[in-house]
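Nothing in this text is a laboratory measurement; each read-out follows from the coordinates by a stated rule. Please read all numbers here as calculations on a predicted model, not as lab measurements. We place every Cβ from the backbone using ideal geometry, glycine too, and count neighbours over all the protein chains shown.
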Amino acid sequence: MMTAATVAAVLDPSERSRVEAAGQGCYLVLDGGTIDETIRQVRRKPVDAVFLSVHRCSDADFPRIAQMVREFPHIPAVALLSRVDQESHDRVLRLGASGIHEVVDVSVPSGWHRLRTLMREPNTPVVARVMASLDVDLGDAPPDCRFFFEVVIQRAADVRTVRLLSRVLGVVPSSLMSRFYRSRLPSPKTYLAFARLLHAAFLFRSGGLSIADVANRLDYSSPQSFGRHLRAFLGVTAGEFRRRLPFETAVERFRQRLVTPHRDRLLAFHPFGTWPGDHGQPAA
C-alpha cells in the first residue's frame with residue numbers, strides 16, 4: 001500500500017477543502033497559512049512537497065519563496081491556479097522567476113488529475129538529482145536556459161513531442177527549434193527524447209516494474225517502441241539498458257553527451273528570447 005505524501009501548503013480558504021478532497025489517499029495537507037509557517041514546517045517535518053496558491057502570493061512573499069526553493073531544492077514546489085486573470089498571470093511569471101516552474105490549473109477537472117499524478121509519479125526526484133548533476137555545467141547559465149532543462153526533465157515522462165513541449169513552455173515550436181539550431185545546440189527533440197530515458201532509468205530502480213510496465217508508464221505505444229527508442233539513442237536493448245545503465249550512469253551519460261560539450265554556448269543561451277530579470281538581453 002502506497003504511503004500518502006505529506007504536503008505543506010499556503011492556500012486560499014476557498015481552495016483548501018477542494019485540495020484536501022482531491023488528495024485523499026494520495027497526499028495529506030499540513031495546516032499552514034503563510035510562507036514563513038510553511039518554511040518552518042519544511043525545516044521541522046518530513047515534507048514531500050509544497051503547494052502554493054497563486055492567489056495568496058503577495059509582493060513581499062516572492063523573495064521568501066525564492067529563498068525556500070534555493071534552500072530546499074529536493075522538495076518540489078507546486079503553484080495552484082484557481083482562476084485565470086491578468087493578475088494571476090503576472091504572479092505565475094513571478095513565481096517562475098522565483099524558481100517555481102510547476103503550475104497546475106485546478107480551475108479545470110484535468111488539473112486535479114495532474115496534481116495527483118505529480119504526487120504519485122517519481123518526477124520530482126528525477127528533476128532534483130539531474131539538475132544537481134547539471135549544475136556543474138549550468139550553474140551560471142541564464143535563468144531561461146536552466147528553466148528549459150528543468151521543464152524538459154520534469155515533463156519528459158508525459159510530454160512526448162516538441163509541439164507539446166512548446167505548449168507547456170508557452171513558445172512557438174518553430175521559434176524554439178530555430179533558436180537551438182542557430183546556437184548550434186542539439187535539438188529540443190534530442191533533449192526531450194534522452195530525458196525520457198532518464199525517467200525510464202529511474203523507474204527501473206524499482207525491481208517490481210517490468211520493461212512493459214516502464215514502457216506503459218512513459219506512454220510508449222508498446223515495449224517494442226520503447227526498445228527501438230533505446231537502440232536509436234544508446235544502441236542497447238531494454239534489457240541491457242536496465243542492467244548496464246543505472247539511473248546515476250544514465251544521468252552522467254546525458255550530461256556528457258548533451259550538456260558538457262556545449263557548455264560555453266549554453267552559458268549564453270536564451271531559448272525563449274528575453275526573460276524576466278534579464279534587462280532586455282536579446283535571444284541567442
- Divide by every residue of the chain the summed helix terms, -39500 (n - 2.57) for each DSSP H run of at least 4, and state the resulting mean residue ellipticity at 222 nm, rounded to the nearest 500 deg cm²/dmol. -17000 deg cm²/dmol
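Counting only other residues whose beta carbon sits under 15 Å from that of S58, what net charge do I get with K and R as +1, D and E as -1? Could the numbers behind the result be given before it?
Details: positive: R56, R64, R91, R94; negative: D12, D36, E37, D59, D61, E87, D90.
Counting the neighbours of S58, the net charge comes to -3.
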- For region 219-224, what does the Karplus curve 6.51 cos²θ - 1.76 cosθ + 1.60, with θ = phi - 60°, yield as ³J(HN,Hα) per residue in whole Hz, taken in order and with x for Gly and Pro? 6, 6, 5, 6, x, 5
- Task: With no solvent and one equal point scatterer per Cα, compute the Debye intensity ratio I(q)/I(0) for region 5-120 at 0.19, 0.21 Å⁻¹ and report its log10, rounded to two decimals.
- Result: -0.97, -1.22
- Query: Sequence-distant or interchain residues sharing an amide H contact under 5 Å with T237, placed H: which?
  - Reply: none
- Enumerate the amide H contacts of A5 below 5 Å, restricted to partners 5 or more residues apart or on another chain; note that Pro and chain-start residues carry no placed amide H. Y27, L28
- Item | the chain - percent relative contact order, Cα under 8 Å, separation 6 or more | 15
- Item | Karplus (6.51, -1.76, 1.60) ³J(HN,Hα), θ = phi - 60°, over region 213-218, in Hz, Gly and Pro reported as x | 4, 5, 4, 5, 4, 8
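Taking the Cβ of S98 as the center, what net charge do the other residues with Cβ under 11 Å away carry, scoring Lys and Arg +1 and Asp and Glu -1?
Values: positive: R64, R70, R91, R94; negative: D61.
Result for the neighbourhood of S98: +3.
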- What is the local net charge at E15, summed over the other residues whose Cβ is closer than 12 Å to its Cβ (Lys, Arg +1; Asp, Glu -1)? +2
- Taking 0.36 nm per intervening residue step and subtracting the Cα-Cα distance, what contour gain separates L209 from C26 on full extension? 63.9 nm
- Apply the Karplus parameterisation 6.51 cos²θ - 1.76 cosθ + 1.60, with θ equal to phi minus 60°, to every residue of region 60-70 and state each ³J(HN,Hα) to the nearest whole Hz, in sequence, with x for glycine and proline. 5, 7, 4, x, 5, 5, 4, 5, 4, 5, 5
- Message: What distance in nm lies between label points placed 7 Å from Cα along the C-beta direction at H89 and S178?
- Response: 2.2
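Out of the trypsin sites (Lys or Arg not before Pro) in region 9-100, which ones are loop residues according to DSSP with at most 14 other C-beta atoms within 10 Å?
Values: sites: R16, R18, R40, R43, R44, R56, R64, R70, R83, R91, R94; in loops: R83.
For trypsin sites (Lys or Arg not before Pro) across region 9-100 that sit outside H, G, I, E and B with at most 14 neighbouring Cβ atoms in 10 Å, the list reads R83.
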- Counting other beta carbons within 10 Å of each Cβ, put H113, H229 in order, fewest first. H113, H229
- Note on the structure: Amide H neighbours of E102 at under 5 Å, excluding residues fewer than 5 places away on the same chain, with H built from the backbone geometry, are A79
